[in-house]
Amino acid sequence: MFKAKKMKTIFLYISMALALTVFIKPEAHSQNALFLNQGNITFEKTTNVLAIMKDNMGDDNVWGAKMVEAYEKSNNPHSATQQFNLAFNGNKTLYTPIETDAPKNPMMDFMLSAGGNNQVYTNLDSSTSVAFKNIYDESFLVTDTLRNIRWKITDETRTIAGFQCRRANAIVMDSIYVVAFYTDLIPSSGGPESFTGLPGMILGLALPHKHMTWFATKVSVSPPVSSASLVPPAGKRKTQVITRKALYEKMQGRLGDWGKNGQLIIQNGML
Amino acid sequence: MTGCILLGLHSFAQSPRNLSGKVIDTSSHQALKNATVLLLNAKDSIMDQFTRTDQQGAYQLKNVDTGNYVLLVTYPEFADYVEKLHITNDSKTTLSDITLVEKAHLLEDVIVRQKIAAIRFKGDTTEFNADSFRTQPNANVEDLLKKLPGIQVDKDGKITAQGQTVEKVLVDGEEFFGDDPTLVTKNLRADMIDKVQLFDKTSEQAALTGIDDGQKQKTINLKLKEDKKNGYFGKLSAGVGTDQFYTGQGMFNYFKGKKKLAAYGTFANTGKMGLGFQDQMKYGLTGNNIEMMDGGGIMISGSGGDDALSSWNGNYNGHGIPVINSGGVHYDTKWNDDKDFLNLNYKVGGMSVKGTDATDLQSNLPTGVLLTHTNDDFRKSLFRQKLDAAYDLKIDSMATLKLNAGGSLSNNSTDDYYSTSSDRGVDRDTMVNRGNRTIHNNGKDKAFNFNAFYAQKFHKKGRALTVNLNEYNKNSDVDGYLYSKYDYYTDNALSDSTLTDQFKTSTSKTNTLDVKATYTEPLSTKSSVVVNYGINKATSNSDLKSYNKGAEGYTQLDKTYSNHYKFDQFAHVAGAAYSLKDNKVQVSAGTNISAVDYTQTDEYTGDELNRDFINWNPSASFMYKFSTTRNLRVGYYGNTTQPTISQLQPVQNNTDIQNVYIGNPDLKPSFRSSINGSYSDSKVLNQRYLGLYGNYSVVANPIVSNVTTDLDSGKSVYQYQNLHKNTSNYYLDLYYSRKMKKMWDMSMGIDLGLNGNKYINYTNNELNTTTSNNYSVGLYLAKYKEKVLDCSFRATLNYNSNNSTLQNQINNNYWSYTLHPDLDFFLPAKFQVHTDLTYDYQQATQSFDARKQTIWNAWLGKKFLKGDNLLLKLEAYDILDQNKGFSRSAYNNNISQTYFTTIHRYFMISLTWDFNKMGGTKKGAGSETTAVR
């Protein structure tokens, strides 16, 4: 008897908790929507390693084709995932990798490690960003104005991490097709890596022909992110301060004759 | 003046203005804060600018040029507001109030329902064959989907299947976002699609594609057609040269879908044998199989290591003048969704070599120096055929079976004519012996091998069981004649003579069987334990008969040199290893232990030799990854080496009566421990590389030879003994390379090497410690410019030191160096020039003269035809005619030097034609370049 009563109480608490959860979900507020001005967004970056291998070594030489075939048959995961955190407050964002000690996907690790753990500080008011990038043995603080992206707005929508998002498409770096999903509920115009400039926060980003996606898996508002905590990355002792254009020229000069793999490294280094 | 007016007009015509307005909620008539207001270009929907409304619902769009726009206002849970704007110089700058409607209200007014097709699908996955639904040429994916029963695509591109909205469209397992034709030129066309699969994302099919987020979603996966290869390619090449040198090659490769047939033939007397490795891979004429291990390791496995006719680099060992012909056929096919794979190979080849080896051997004995000169005129020929087949079967997603079987037949014959002379003293002042030996052998080999490999995976990630079975069987028959005559001298006068004239037959049969099971159990995501157990059985039977020559020919059996042995070995092998792997560190440690038992039976006497051994094989390794490009490895490896049967009880043989082996049944195993380490650091952007490798190994209780050389006859008797001292060897190598921007962007490399060993043996029952060390410095310079030049230069300097405690008064230390430029120039009109040169110098020692040699090669080529498919080459090999086969070596208390016949100067003209005709569906990809913007 007593037991049943206790169970009932527990059920009540659970139902209340559930109701509360539903209540604070953003879409529950219809008329005066809950806009988020600060918070943390967890992004999962997925790189389809098999598809990149196919693009880079699948057709011409026999070794490459055999390697791709062997990889496809093997037990190794076909894609690599990585977690990033995007902290934002008003018009400042800071994008940082979430370190884990799990073994990495060993395939193409060498090619994909360049610019794979960027820290990006973006100030949307002054339209500037400072990105700390490790490209093999060298590190750079890419200090520049924001990349000017001509976004094409569409009427396609999807829900990402519980947020209704609208799709926009663009071309960056002359030829890379980008698909982004932004939400009205986070007025900050930021996004992962160097992708910004939409009316709301980018929660989904894909480079469909380059086989990479970034999707938000979690958005949290507590603990709160203070504006003061969002500061540009400092870099290390030997870090070079450089503009985007100068970095491109530097990489092109050194990796320009590396064929497709060189272009892949340059592309990732420039994102 | 005019300029000013024009400028003024221009700025007037463009005069941008600010537009302002207000956003209100229809139902509550309240101002909406934070609504998103976007201004898009009407022609391409590219966003011109955006803003958010303030507390009062007001917004302002700044510096709007004249033109056509779309005003888009959005707010969460409200319907989008869309208005076309035509902005002219006369347009009002204040826009009328915008009222947004909540979606819930909207639905009440306009009920939008989609029709649901009443089709049911069985199972988790419905699969449509794309080709069975006709579409227009260049139709897109949506056109195809519209044709499939049960799938609907509305005007906005929204897809509905089985009444549910399709959340995701995948292409080969990767999400397909749909390409915007105004932004992307390449498009996925309907005719590129092989199959359309429809499933719930949590089904097994979804898991196989590798993407699963735990949600149940209607998903469409588009399987692309494979880039099918149909057609052929090949190569024909022929060359003729001076001194009757020739070379010829033909290769042909034919594809049809998943079937491949290849054939090749080569014939040459220039030392070129079979196909080079590149060609072997290109034409698939190799059993080499690439496999990706769990964790990303790459395993390349070949079939049959003893294949004399398809060595890796396709070269013979350089001794003598060879004539080599070889050919082969390869066939492979895949079926049943690539789950089954069959590979067949047939190879045939013949090689004949003739030449002379001349060796000078200096033996440093406690009582003096013995110098032996041996001349060997040889002719060898080999004819061999080999057939092998491989069949791979993927039983299900968890189990695979691989079967390999192969057989070979070979005939060989060797003729050797040896003449030897041994003298005492550094100045050869005292004659010891003079000898002649002739050996003719004809042999036949038959070999067969079978391998079965079964791998089973389990649902727990990382758990695996493999079973490997291997059987090998070989029969050899050799018939031959031995004629040997030695004259022995005392005080430079003939004192004794021996003569052997025999006919010999030998048959041997070997059979080995190995079975091994390996089980891997993951302990966590990072660590695992591997255990293995196996048995190993080997039997062999060797029957050797020697007949002396009598009046009626070779009829008298020589009992001393005839014998029949049976050998049986059985071993249990078990082992366990632990490994841990994370982002930075990889550690593994384990040991194998084997219990070996063997018996040798003398079938003539019935005597048995029985031995058993316990062998250990511990190993450990540690790797630390500082970064992707910098790592450190340290490893330990230890193993027991049991004495071989020929060390315990060798077969009595009189083929070389100057060198006689006797057994030692009391031998105990030795134990080798080796430690190796490496450090590598590559600075990719700076193009610098540093590598350091080292190894030190030491053998405890080593089995060493005891050579008793009789200075009077020059005869040596060998017996093996255990030594209670350690022998050791080491090497250390440092490599550094970088690109030098200031010096024409050349690559430069420096190589420092250090290696040596300490070896101990008994010489005439006295302990002899030999220490040898080699120090080397290498320098490498290279410059490459695509389609212009490819040049390199390498210089190596060596110092060799050698010390033997028995004869430390003899100095055999010497310097040597090598210079090697290698130049390729690509000239206009499709000409190419190549030249390379190797200069070798070796300093004189107390025992040997100085030696220098320059080998200079060059060729001039010109390409013809549209695809550069025809190559005409004029080639000169060893232009200075200095190539003499030569090698030097030092071991125990011996130092030797060999000159051998080898190919020298010739000139050749050759023509190579590459042909191909390949068809197939090309994926519509254009080349893309990345640039900064």
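The values are calculated or read from the model by the stated rules, or taken from the named source; none is laboratory data. Since the structure is predicted, the reported quantities are computational estimates derived from the model, not experimental observations. FYI the Cβ positions are ideal-geometry reconstructions off the backbone, even for glycines, and counts take in every protein chain you see.
Data table
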{"quantity": "Pair list, Cβ < 6 Å and 6+ apart or interchain, from the range B:408-433 residues that are free of Cβ contacts under 8 Å to residues at least 40 places away in the same chain to residues that are small (G, A, S)", "calculated": "B:N412/B:G443; B:S413/B:S381"}
{"quantity": "Strands (runs of 3 or more DSSP E) (entirely within the range A:132-245) containing at least 1 residues that are at the interface with chain B (Cβ under 10 Å from one of its Cβ atoms)", "calculated": "A:138-145, A:152-160, A:163-172, A:176-183, A:201-207, A:212-220"}
{"quantity": "Filtered residues of the range B:658-683 (kept if within 31 Å of the chain's Cα centre (by Cα), more than 14 Å from chain A (Cβ to nearest Cβ) and among the hydroxyl-bearing types (S, T, Y))", "calculated": "B:S673, B:S674, B:S678, B:Y679"}
{"quantity": "Selection within the range B:781-816 - within 24 Å of B:T769 (Cβ to Cβ) and among the β-branched types (V, I, T)", "calculated": "B:T805, B:I810"}
{"quantity": "Output for the range A:69-124, where each listed residue is more than 10 Å from chain B (Cβ to nearest Cβ), surrounded by fewer than 21 Cβ atoms within 10 Å (Cβ to Cβ) and part of a loop (DSSP other than H, G, I, E, B)", "calculated": "A:G90, A:N91, A:I98, A:N117, A:L124"}
{"quantity": "Within the range B:695-720, considering residues that are in contact with a Lys or Arg (Cβ under 8 Å, 6 or more places away or on another chain) and modelled with pLDDT under 90, the one farthest from B:T641 (Cα to Cα)", "calculated": "B:L711"}
{"quantity": "Extreme residue, farthest from A:G253 (Cα to Cα), among residues of the range B:684-731 that are within 14 Å of another protein chain (Cβ to nearest Cβ) and either of a type outside the set (K, R) or surrounded by 19 or more Cβ atoms within 10 Å (Cβ to Cβ) (or both)", "calculated": "B:L690"}
{"quantity": "Residue within the range B:37-45 that is within 21 Å of A:L185 (Cβ to Cβ), touching a Ser or Thr at 6+ places or on another chain (Cβ under 6 Å), modelled with pLDDT of 90 or more and within 10 Å of chain A (Cβ to nearest Cβ) present", "calculated": "yes"}
{"quantity": "B:Q897 part of a strand (DSSP E or B) and surrounded by 18 or more Cβ atoms within 10 Å (Cβ to Cβ)", "calculated": "yes"}
{"quantity": "Residue count for the range B:858-869, restricted to those that are surrounded by fewer than 17 Cβ atoms within 10 Å (Cβ to Cβ), in a strand (DSSP E or B) and not basic (K, R)", "calculated": "3"}
{"quantity": "Search result, residues across the range B:633-673 that are more than 24 Å from B:L482 (Cα to Cα), part of a strand (DSSP E or B) and touching a Ser or Thr at 6+ places or on another chain (Cβ under 8 Å)", "calculated": "B:R633, B:V634, B:G635, B:Y636, B:Y637, B:G638, B:T640, B:T641, B:S670, B:F671, B:R672, B:S673"}
{"quantity": "Members of the range B:237-248 that are part of a strand (DSSP E or B) and in contact (Cβ under 8 Å) with a residue 24 or more places away in the chain", "calculated": "B:S237, B:A238, B:G239, B:V240, B:G241, B:Y246, B:T247"}
{"quantity": "B:V530 vs. criteria in contact with a Ser or Thr (Cβ under 9 Å, 6 or more places away or on another chain) and β-branched (V, I, T)", "calculated": "yes"}
{"quantity": "Which numbered condition B:D388 misses (of (1) within 25 Å of A:N75 (Cα to Cα); (2) modelled with pLDDT under 90; (3) assigned to a strand (DSSP E or B))", "calculated": "(1)"}
{"quantity": "In the range B:62-101, the residues that are farther than 22 Å from A:T154 by Cβ and in contact (Cβ under 8 Å) with a residue 60 or more places away in the chain", "calculated": "B:I87, B:N89, B:S91, B:T93, B:T94, B:L95, B:S96, B:D97, B:T99"}
{"quantity": "Single residue of the range B:617-632 satisfying the filter (within 14 Å of another protein chain (Cβ to nearest Cβ) and either of a type in the set (A, V, I, L, M, F, W, C) or not in a strand (DSSP E or B) (or both)) that is farthest from the chain's Cα centre (by Cα)", "calculated": "B:F626"}
{"quantity": "Lone unmet requirement of (1) modelled with pLDDT under 85; (2) farther than 17 Å from B:T374 by Cα; (3) buried (at least 17 other Cβ atoms within 10 Å of the Cβ) for B:R888", "calculated": "(2)"}
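Let's see how each residue does on (1) at pLDDT 95 or above; (2) over 36 Å from the mean Cα position of the chain (by Cα); (3) surrounded by 14 or more Cβ atoms within 10 Å (Cβ to Cβ); (4) hydrophobic (A, V, I, L, M, F, W, C):
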site	(1), (2), (3), (4)
B:T560	no, yes, no, no
B:H564	no, yes, yes, no
B:N583	no, no, no, no
B:Q600	no, yes, yes, no
B:Y604	no, yes, no, no
B:D607	no, yes, no, no
B:R611	no, yes, yes, no
B:N615	no, no, yes, no
